[in-house]
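First the structure, in the form of structure tokens, and then the observations on it.
The values are calculated or read from the model by the stated rules, or taken from the named source; none is laboratory data. What you are looking at is a predicted structure, and each value in this text was computed from that prediction instead of being measured. Positions of Cβ are backbone-derived with ideal geometry, glycine not excepted, and every protein chain shown enters the neighbour counts.
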Ligand SMILES: Nc1ncnc2c1ncn2[C@@H]1O[C@H](COP(=O)(O)OP(=O)(O)OP(=O)(O)O)[C@@H](O)[C@H]1O
Ligand SMILES: [Mg+2]
């Protein structure tokens, strides 16, 4: 068997010790692969037996190329959650292949003063490395690493690098090779290979390959960081969205409360006072002579008072539909459709099929409000004189559909551009765990559909 210089692991007294590449590669018959590996292993063996000085070297390269291919294919699609474990697996494979004692990956801290070892693999009994203070603990080493140079210890340490030499002596490290990790031209860390039992001599041609390994790890770590940053952003977006939803819910609730208060005021006070005025003016009318000039004027005032009272009543009912509590959703909607039809001169085809009345107040109010706003939108935007409102129960869900065959619109831009109607409908429906859908297209009418589960407890 030929002694190769490709990777030597020389002990202090010059003997070859420990498992290393050379041991593995010069015994190709113990290697089990089939196909190409068998062929190349066989060829190497033949060449080696024939005394070819290149045979072992070729075999080393082959092994390393295989590791590189393995690492590349493993890391190409590695999910962020597995990057750390895969790097550790890679470091272990390198330790085994190079026959060294420890391999670690360190990342330069934000202030660039520490090299924090984030991934490491070492043989049993070998001390792990945590972090090193670059500038204060290892000034010479730090300078070289920051310059992006490959550092071989102790060879590259000048005699004045006393701190590094002392550290070596203390931890019992015989040699170390550190390859800088670069990202966009900046040193972001290093990957180190250490021997404690013997001196490791890596031939120069292995350096670019180890740099490649470093690149693979650096890319994976960058991807992991990007993934984590994305997750953090998504999380804060989710929180902001939740906060907005909470605010919208509070706003809708307080709006509803305020409407209720004004409606009560209008109903209990204004309409009563208007009614008294109507009665008084009727009395006055009765006191006047049938030929009195003031009689038609007074009559007109009384008619106006009645009409004003109806309008106030209508508005109060719109603001807070007491009828919802008294007669339930089906009748409240029927009345709303009738009022809308009278007010806007748009025919409403209202159909309510087998809708139970014992639904929760929240669901009833939500559906009522959505129908109100959908009808308002028909009057404001659809340019039609007919619309349909349908209330039904389908698969335990209450379904409301308001449909027109008017001008239609693009729902995506409609939601972004205009007022608060569509978004408040959507928000209300979300508050009762329902689904809100808009089907519309310019020139092809609009359908608003709401589905709310009826499983909740009734009012
Ligand atoms: N039935 C419809 N027919 C045609 N366009 C509609 C219809 N409903 C909504 N739209 C379009 O969608 C936009 C958004 O409606 P939304 O109810 O959110 O706002 P708005 O009615 O303009 O204002 P607000 O409801 O705040 O008073 C409208 O401006 C309109 O362009
Ligand atoms: Mg609107």
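For the reader, a short list of remarks on this structure follows.
- Candidate set from the range 68-83 (those that are free of Cβ contacts under 8 Å to residues at least 60 places away in the same chain and closer than 23 Å to residue 122 by Cβ); member that is farthest from the chain's Cα centre (by Cα): 70
Here is a yes/no grid of residues against (1) in contact with a strand residue (DSSP E or B) (Cβ under 7 Å, 6 or more places away or on another chain); (2) closer than 24 Å to residue 277 by Cβ; (3) within 16 Å of ligand 1 (Cβ to nearest atom); (4) in the same structural domain as residue 407 (by TED's automatic domain parsing):
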site: 291; (1), (2), (3), (4): no, no, no, no
site: 306; (1), (2), (3), (4): no, yes, no, no
site: 310; (1), (2), (3), (4): no, yes, no, no
site: 313; (1), (2), (3), (4): no, yes, no, no
site: 349; (1), (2), (3), (4): yes, no, yes, yes
site: 355; (1), (2), (3), (4): yes, no, no, yes
site: 380; (1), (2), (3), (4): no, no, yes, yes
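- Of the residues in the range 395-407, none is assigned to a helix (DSSP H, G or I) and away from ligand 2 (no atom under 14 Å from the Cβ).
- Residue within the range 396-403 that is in the same structural domain as residue 430 (by TED's automatic domain parsing), under 30 Å from residue 272 (Cα atoms) and in contact with a strand residue (DSSP E or B) (Cβ under 7 Å, 6 or more places away or on another chain) present: no
- One residue from 99, 106 being closer than 15 Å to residue 167 by Cβ and surrounded by 14 or more Cβ atoms within 10 Å (Cβ to Cβ): 106
- Filtered residue count, the range 360-385, keeping only those that are on the phi < 0 side of the Ramachandran plot and either over 36 Å from the mean Cα position of the chain (by Cα) or within 15 Å of ligand 2 (Cβ to nearest atom) (or both): 16
- Filtered residues of the range 382-404 (kept if more than 15 Å from ligand 1 (Cβ to nearest atom) and surrounded by 19 or more Cβ atoms within 10 Å (Cβ to Cβ)): 391, 398, 399
Per-residue answers, yes or no, for (1) under 50 Å from the mean Cα position of the chain (by Cα); (2) under 26 Å from residue 427 (Cα atoms); (3) in contact (Cβ under 8 Å) with a residue 12 or more places away in the chain:
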position: 239; (1), (2), (3): yes, yes, no
position: 281; (1), (2), (3): no, no, yes
position: 286; (1), (2), (3): no, no, no
position: 290; (1), (2), (3): no, no, no
position: 298; (1), (2), (3): no, no, yes
position: 309; (1), (2), (3): no, no, yes
position: 319; (1), (2), (3): yes, yes, yes
position: 324; (1), (2), (3): yes, yes, yes
position: 332; (1), (2), (3): yes, yes, yes
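- Residue match in the range 172-185 (condition: surrounded by fewer than 16 Cβ atoms within 10 Å (Cβ to Cβ) and more than 38 Å from the chain's Cα centre (by Cα)): yes
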